[in-house]
Structures are given as structure tokens and as C-alpha cells.
1. Could you tell me which of the residues B:292, B:256, B:309 is within 13 Å of chain A (Cβ to nearest Cβ) and at positive phi?
2. Which of the residues belonging to the range A:139-150 are open to solvent by 10 Å² or more (accessible area, probe 1.4 Å) and away from chain B (no Cβ under 12 Å)?
3. Are any residues in the range B:20-44 surrounded by 13 or more Cβ atoms within 10 Å (Cβ to Cβ), part of a helix (DSSP H, G or I) and without any contact (Cβ under 8 Å) to a residue 24 or more places away in the chain, and if so, which ones?
4. In the range A:68-99, which residues are more than 7 Å from chain B (Cβ to nearest Cβ), over 22 Å from residue A:137 (Cα atoms) and β-branched (Val, Ile, Thr)?
5. For the range A:100-115: of the residues being within 14 Å of another protein chain (Cβ to nearest Cβ) and within 11 Å of residue A:145 (Cα to Cα), which is most open to solvent (accessible area, probe 1.4 Å)?
6. Show the residue pairs that are 6+ apart or on different chains and have beta-carbon atoms under 6 Å apart, the first residue being within the range B:278-296 and farther than 10 Å from residue B:134 by Cα, the second being small (Gly, Ala, Ser) and open to solvent by 20 Å² or more (accessible area, probe 1.4 Å).
7. So which residues in the range B:1-14 are exposed (fewer than 12 other Cβ atoms within 10 Å of the Cβ) and among the hydrophobic types (A, V, I, L, M, F, W, C), if there are any at all?
8. Looking at the structure I just gave you, is residue A:52 open to solvent by 40 Å² or more (accessible area, probe 1.4 Å) and either within 13 Å of chain B (Cβ to nearest Cβ) or touching a helix residue (DSSP H, G or I) at 6+ places or on another chain (Cβ under 9 Å) (or both)?
Amino acid sequence: MLVLEDVHTHYGKIEALHGVSVEVNKGEIVSLIGANGAGKTTLLMTVCGNPQATSGRVVLNGRDITRDPTSTIMRSGIAIVPEGRRIFSGLTVEENLHMGGFFNTKAEIRKSQEHVYELFPRLKERESQRAGTMSGGEQQMLAIGRALMSKPNMIILDEPSLGLAPLVIKQIFEIIGQLREEGITVFLVEQNAHQALNLADRGYVLETGKIRLHDTGKNLLENPDVQNAYLGG
Amino acid sequence: MAAKNFGHAFFCAFITLIISYPIIGFNLEAQGIDVTLTGADTTTIVLVLLAALVVFLFQLFRDQIMGALKRVPMPSSDANKEPMAENKRAKIESWILTGIVVFALFWPFFVSRGSVDLATLVLIYIMLALGLNVVVGLAGLLDLGYVAFYAVGAYTFALLSQYLGISFWLALPIGALLAALFGLVLGFPVLRLRGDYLAIVTLGFGEIIRILLNNWTTLTGGPNGIGGIPDPTLFGMEFGRRIKEEGNTSFHETFGIAYSGEHKVIFLYLISLVLAVFTALVIRRFMRMPVGRAWEALREDEIASRSLGLSRTAVKLSAFTIGAFFAGFAGTVFASKQGFISPESFVFLESAIILAIVVLGGMGSQIGVVLAAIAVTILPELAREFSEYRMLIFGAAMVLMMVWRPQGLMPMRRIHIELEKQE
């Protein structure tokens, strides 16, 4: 579904990704783990076309999107939950969700909105509350809900567990598992390696701009190198 | 309470003394070819001492005074009250607004020519502020060179009428469209900029336009400006005593009424009123459309907006273009009202005043912006009796306003768009 072939990405003259190849198949949860500064977010941003890859190819559903502008990519059935949630704090919960379905018809928006409220009953309670006044966990739910509003067949999550309490993290990961049941492909980027690999069908380990390991989630969890570096031994 | 402020208050009073005494107290007087320094007379010294005392007392009891100020009831503290039902309030609001517009239609026939003239100016500022409100209030793009688009509108009409003899009604859309084009052109290079950087570039743009108009003497007449800009006509009827252009009739002869200079003033006022209402309605329409929500989303969070597939280019350019369009509108009306324009009218101060109107009114709020436009235009006129102190009063009013209501006169209530419920 999403394929990155030997992708190099530069920030100015500095190369941040040194030829990364990643494949995410339909219906899978794929986790990408790595330390700070390994290039995880850069990889995601390259998929979104900001910055664009300097060489290599990004293919989504068989279409080369390497040179497409961000706005086009984000309208082709892919949704991203950006790092740090980035909800519209001045708008209400409902309005945030509506922004997520910006390019859909009103009927579609209504349907996806109900669906999001089923997934996150908490958001329904807070429907007309200003999004910025909610707790971190609720904001993360809103960010995921907003991404789902465009009815994507693939969702990319950038550090959804960032700054959240363990209990809330558990909830969020349960929801991510639920998304797979619904047939949504999930590409998960996490520092929280244990949870991310536990949930994932397959996983990639990114180290200083290169893919170091690639295996099933379970194998990676048992891999001594991964255990040492990311799971605290 | 007061004791802990004593040192600070004493310091402030001392500063007041050493600053104001040399400035006000010393005079340089020319005696023949020599210049001598003379001290102040007793009254000035007393006044300076009094000022220092006022500063001292204010600083000493600052906490109490500011506390008392905070308790002064707000002019409209509806933020705390239970809001009325959305549709009920909308209905009441639309009735009140219609009432005001109808009143404004008949009002000029009962007041002096000077008031109508001032009201026309107010309406021009309303158009400008509503336009800038799109750029600054809704899209959150700080534009300090907005007056450039105003100038483009005004000069388009002036030049077209001078060189091609084009009338007001034809120049109105041309001026607005040309200003919109300039908005688009300015929009491209500043797409990537935000905040302070954007402000500096737009400031530069405003100055470029003004300096260009000032120095391109062969075309624009430079600092001498362009005069003899025709007045608008009503279906080919002119409002002057004598007909200037072949084929036109004159208003007072057609209707068989005595000539009066007021007709023209009132007519201009009515045109401005119609255009201002048109501006408000069109922008209100935009605010309800997806593009309006996109402006707000981009203002709130650019990265999030882009992650939802909004095109930054399209959203920003549309805000710049639409804002500039209405500035062009206002410029054309302004040129016609003045009959003479020069680069003097389009200095940075104008941009600053329009921006002040938007901020005072409450960013994004249309009613607030209209109220602020009225206040900011009329206040200096009312304070004219205080002659040289009027800008001081104006400044003080602004400062007080920002202390009391930093969110503006009428903070923006975002229009709630309901999805019609299907049962």
C-alpha cells in the first residue's frame, strides 16, 4: 500500500535519511521505532511531501507521490496524526472533527462523526467544549478522531503516546488495534518500543537515518539488540 | 501596601522631574546672533513639580487604582451572561442591523454637510477595516502594508479617468480587481513567511508602492498628486452645477429641483454605504463558506491544516486577494470623494490606523470592527477642540482600551455551522 524505495531526504545540505526502504501492506499495523534524532519524523514528513525526498521513490497505492504537493498527498486516502497532536485549540471538539472532513460532503461528515464518537465516547461528551481545554489524552483522541474524519484507508500516527499517562497510552493503543479490525492500515511511529512492537504485525528499527532491523513485531521484541537498545535490557 | 511601593514611586517621580524639567523648563532664546539659555518661570516649575507629585501618588497607590479600574463594569460583558439561543440571537441581530442600515440611508438628509462628509470617511474606513479583518483577523497574517492596496484602488481610478476618461462605475471593479491582483502578487513571495517576518515584508511592500507613486512623476505626477478626479454619476446624471462631460445630464435639472452642493455629498455617502454593506455581506458569506473555516484553521495551526490536506498556498492567497480587493474598492471611493489624491494619503500611518481598528474591534469580529472604525475615525474629529492634544487623547484612549478589553470591543464569536440533522 505504502512503499518507500531507497529514500534519501535532505534538510538543506544535511542528509537525514540515507536510503530508507519501508513497506506497509494493506490491513497491517507497521511500527517504526528508533531513538531521538534517528529520523522517524523526517521519514513521515517525507511521505507527506514536506520535505520531499531528494532521491528514491514514495509510492502510495501504486501511484508515485514523491513529487506531489502535500495537499494532494493528504487528500489521497491517507491521514496523519501529527506529533504533539496539533488540534485546533480555539475550536470546539465538533468543529475540529469537521475540519478533518473538510473535503467530504456533509452527509459523509455526519456519518464519520458518529463513527468517531462510537470509538471515543469521551469526545461525544465534550462535543461543544473548546479543544484546548481538554486533557492530553482527550486531545490525542481528538487528533486521531480528526484524522479518521476523512475516511482514510491508511492512517499514520506520529508518537501518539507522547506525554500521556500509562493508562491513557493503553487506551490509545487499544483503539489503534481496533482500527486494524476495521480494515484501516496503520503506520505507527513510536519511541514507546514495547507497546508499539507488541501491537505491530511488522516492525522497522531506524537508526541514524538507516533501517537497521526489519522483522515481525514479535521477533523484534525478542531480539537481544532491540532489547538492549530500546527496551531497557 | 503603599509602603512597599514607596521606593519605586519615589524613583518614578524623580525620573519625571529630571526628564520634564529640562524639556519644558529650559528655553533657547535668540538674542541677536547669540543664543541664551533661559530658565522657566515659576508656573512651569510648579506644574513640573505637580506632575512629579501625580506620578509619585499614582505609583504609590498603583495597586489600589488598578484594582478599582478592573472593577469598572465592562461596556458589554455579555461574555459572562448565559448566551441566548443561537437562532434567536441571530434573528435579533439581523433585525437590529437592518434597522441601522435603514436609519443610515435616511440619516444624511437631516444633518449637516460636514457630518455626511465625515460619515463617508467612516464608511471608507469600515470597508478597509473589514477587508484587513480577513487578512489579519481571520487568516492571522499580520499585514502592515495594507494601505498599498488602498493606494492601488485610488490611483487606478485617478489614472484611468485622467488618461482614458473612464467613469467611476467602470473604475470601481477595475480598481478592486487590480488591487486584488496586487494582493495575489504580494501573496506569492510571502507564502512561507509568518509573524514578524511577514509583517516586515508587507511593510516594505506598502512603502514600495508609495515611493513608486511618489517618484514616477511622468505617470502619477509624483508628490503633486492627481487632481480633477470626476465624481460618480447616477445613470449619466452629474451632480455638479454645470455638466462636465458630453452626453451627461445634470441631476438637479432632470428632477427640476434647485441646485445644491449637498446632493453630491449625500450621493457619495449613499454609494459608500451600499458598498460598505456589500463588503460586509460578501465577507460574512466567505466566513460561512469552507474557505472561511480554512482561514481560521490555518491561523490556529498551520501544520495541522496542512496535514488535513488544506493547501497553504490557496488559503493564504485567497485571504490576501480578497482583503486587497476590498481595499481597492475603498480606494476608488476615496479618490472620488477627495477629487484629488497624492502619495501623502497612503503613508504607513494609514496602515497602522486600519490595523488598530481591527485590533480594537476584536480580531475577526465584523460588528466590532465596524464599531471601532466609527470610533477611531470620529474620535479625533470630536477631540479637534483640543487641537494639538488630540492625538495624545487618541493614544490614551487606545491604551485604556487595550487595558480594559484586550480582546477588542466585540470579540469574535465564530459562526457555528450546523449540519442539518437527518432523522
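1. B:309
2. A:141
3. B:25, B:44 - these are the residues of the range B:20-44 that are surrounded by 13 or more Cβ atoms within 10 Å (Cβ to Cβ), part of a helix (DSSP H, G or I) and without any contact (Cβ under 8 Å) to a residue 24 or more places away in the chain.
4. Answer for the range A:68-99, where residues must be more than 7 Å from chain B (Cβ to nearest Cβ), over 22 Å from residue A:137 (Cα atoms) and β-branched (Val, Ile, Thr): A:72, A:73, A:78.
5. A:114
6. Sorted first by the residue in the range B:278-296, then by its partner, the pairs are B:291/B:318.
7. Once the filter is applied, which keeps residues that are exposed (fewer than 12 other Cβ atoms within 10 Å of the Cβ) and among the hydrophobic types (A, V, I, L, M, F, W, C), the range B:1-14 yields B:1, B:3.
8. yes
The values are calculated or read from the model by the stated rules, or taken from the named source; none is laboratory data. Values in this document were obtained by computation on a predicted structure and should not be read as measured data. With ideal geometry, Cβ positions are generated from the backbone for all residues, glycine too; neighbour counts draw on all protein chains shown. Surface areas here come from the heavy atoms of the whole protein model, side chains and all, with no ligands, DNA or RNA. Shrake-Rupley method; radii C 1.70, N 1.55, O 1.52, S 1.80 Å.
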